[in-house]
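The values are calculated or read from the model by the stated rules, or taken from the named source; none is laboratory data. Quick caveat, the model's predicted, so the values are computed rather than measured. Reconstructed Cβ throughout: ideal geometry from the backbone, glycine too, with neighbour counts over all protein chains shown.
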Protein chains: 2
Amino acid sequence: MDMTPQLTPLIQHIRKFVPLTDEEITPLAALIHPKTIPNKTILSRAGEVCHEKYFVIKGCLRLFIHTDDGNEQIIQFAIDNWWMTDYMSFEMQKPSTFTIQAVEPSQLLVITKMDLEELLAKVPRLERYFRLIVERAYSASLTRIHFIYNQSGEERYGQFSRMFPEFVQRVPQYMLASYLGFTPEFLSKIRAKRKD
Amino acid sequence: MDMTPQLTPLIQHIRKFVPLTDEEITPLAALIHPKTIPNKTILSRAGEVCHEKYFVIKGCLRLFIHTDDGNEQIIQFAIDNWWMTDYMSFEMQKPSTFTIQAVEPSQLLVITKMDLEELLAKVPRLERYFRLIVERAYSASLTRIHFIYNQSGEERYGQFSRMFPEFVQRVPQYMLASYLGFTPEFLSKIRAKRKD
DNA sequence: ACTCGTTCTTGAACTAGATTAAGTTTTTTC
DNA sequence: GAAAAAACTTAATCTAGTTCAAGAACGAGT
């Protein structure tokens, strides 16, 4: 019988990267907490220290920055089975430049900096898990830089909607435009062109 | 007396992030090897598996991708005290999309995938070190995406040369242009404008 | 079902940066 | 130290994407 139904997606995710015994699940369950939040909930605010790390079970988060001209630039989305935090702020416990906010009603798992350190002390194997996770995220972001430099906005949109067709439906278009690095007006034009 | 003079910069670097006893240095010294290479040496080639991870003691590496139109797009530079590898290829042992090449005569420390796994087994604390390193690199690359989206080429160049004034002298301008995401011609114009 | 706020669309005028091509300067090599 | 190769500059033309402005469609709450 499973004592930690909410943790299941995370445990499965961890086991894709490192072995995890049943005893090791105990401290995990003690230190990580489920949290259900409505759309638009702000989890971490620019200017404040980011104290928590979030694992998305279901839903969607965005990490964005306030630009000089008063807009919001979306740097990252997190959907099912992604960890999200401001790594810099979280690790150094310095004020964050980013804001993390829900873009849909979402089911999360949350762990604080303090509890994560305790967890890593108790289950050192997880250092490896988190290393492998970040390595993937880093690789992905380098590839993203390559695409930003070498593809037109239209090509990036095409590729993105081929890779995440359902996702394009889920978030407002102006957020997609922000993430892809162009204006909502331009996205509108791209879509108009494709319709015929 | 120091038995491992070449490892000193790495050991100092590691100790900024995690404690490291003298006994733990022994496996480190046994598995990591110094390597001195001339300018333009190719360390890892697109299409082949990237078997090694490089720590730059002195010099400079670049990681780039061959674009469809036959150019080279520089994704990352590595200078003193940076690790460089194609994380995706190295970790999955799948063919790499990137090429890693020296841009100056360089002094490196090299470790193979196999030896790294052995090292991590012997000194598990290093999992944490490598995690913290990649987290920083990941944060930096997200911030870079923000700058690419929200600053003009000229602003990016200005900021880059303020942050790394010596570095701008060291590498050819067309590489800088490639890294910053515009053409060498445009960089030329920026510089002409600044001269007066 | 109506309303208010949010999101999406369209078009005209504009600009940062690309492209092409030729010429110049600097560096490397024999 | 001459010749070849690599790196940098300049200028004219062109285009992907921005900005601004105004209107249309959608959606959630009462």
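Does the range B:150-161 include one or more residues that are more than 7 Å from every other protein chain (Cβ to nearest Cβ) and more than 16 Å from DNA strand D (Cβ to nearest atom)? Taking every residue of the range B:150-161 in turn, at least one turns out to be more than 7 Å from every other protein chain (Cβ to nearest Cβ) and more than 16 Å from DNA strand D (Cβ to nearest atom). What is the number of the single condition among (1) in contact with an Asp or Glu (Cβ under 9 Å, 6 or more places away or on another chain); (2) loosely packed, with under 14 Cβ neighbours inside 10 Å that A:VAL171 does not meet? Here A:VAL171 clears every test but (2). For the range B:162-180, filtering for residues that are over 18 Å from B:VAL103 (Cα atoms) and under 18 Å from the mean Cα position of the chain (by Cα) leaves 1.
Number of residues in the range A:69-80 that are more than 11 Å from chain B (Cβ to nearest Cβ) and without any contact (Cβ under 8 Å) to a residue 24 or more places away in the chain equals 1. Applying the criterion of being surrounded by fewer than 13 Cβ atoms within 10 Å (Cβ to Cβ) and more than 6 Å from DNA strand D (Cβ to nearest atom) to the residues of the range B:182-196, the residue that is modelled with the lowest pLDDT is B:ASP196. Candidates are the residues of the range A:109-131 that are within 21 Å of the chain's Cα centre (by Cα) and among the acidic types (Asp, Glu); the one that is nearest to the other protein chains (Cβ to nearest Cβ) is A:GLU127.
At least 2 residues being free of Cβ contacts under 8 Å to residues at least 40 places away in the same chain, within 16 Å of DNA strand C (Cβ to nearest atom) and more than 30 Å from B:GLU23 (Cβ to Cβ) is the threshold, and among the helices (runs of 4 or more DSSP H) wholly inside the range B:81-196 those reaching it are B:125-150, B:153-163, B:165-170, B:173-180, B:184-195. Annotation note: Cβ proximity below 6 Å between a residue of the range B:25-47 that is free of Cβ contacts under 8 Å to residues at least 40 places away in the same chain and a residue that is assigned to a loop (DSSP other than H, G, I, E, B) and surrounded by 13 or more Cβ atoms within 10 Å (Cβ to Cβ) (sequence gap 6+ or interchain) occurs for B:ALA29/B:THR4. For B:SER152, state whether it is of a type in the set (S, T, N, Q), closer than 23 Å to A:ILE75 by Cβ and surrounded by fewer than 19 Cβ atoms within 10 Å (Cβ to Cβ). For B:SER152, the condition - of a type in the set (S, T, N, Q), closer than 23 Å to A:ILE75 by Cβ and surrounded by fewer than 19 Cβ atoms within 10 Å (Cβ to Cβ) - is met.
Yes or no, residue by residue, for (1) more than 20 Å from B:ILE145 (Cα to Cα); (2) surrounded by 20 or more Cβ atoms within 10 Å (Cβ to Cβ):
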site	(1), (2)
A:ASP69	no, no
A:PHE77	no, yes
A:ASP80	yes, no
A:MET84	no, yes
A:TYR87	no, yes
A:MET92	yes, no
A:PHE98	no, yes
A:GLU104	yes, no
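One residue stands out in the range A:81-107 among those that are hydroxyl-bearing (Ser, Thr, Tyr) and more than 11 Å from chain B (Cβ to nearest Cβ): the one that is nearest to A:LYS40 (Cα to Cα), namely A:SER106. Here is a check on your reading of the model: is B:PHE55 surrounded by fewer than 19 Cβ atoms within 10 Å (Cβ to Cβ) and aromatic (Phe, Trp, Tyr)? No: the conditions fail for B:PHE55.
Would it be correct to say that A:TYR54 is closer than 22 Å to B:ALA140 by Cα, out of contact with any strand residue (DSSP E or B) (no Cβ under 6 Å at 6 or more places or on another chain) and modelled with pLDDT of 90 or more? No, not satisfied.
Tell me yes or no: at least one residue of the range A:27-40 is within 14 Å of another protein chain (Cβ to nearest Cβ) and in contact with a Leu (Cβ under 9 Å, 6 or more places away or on another chain). No, that holds for no residue.
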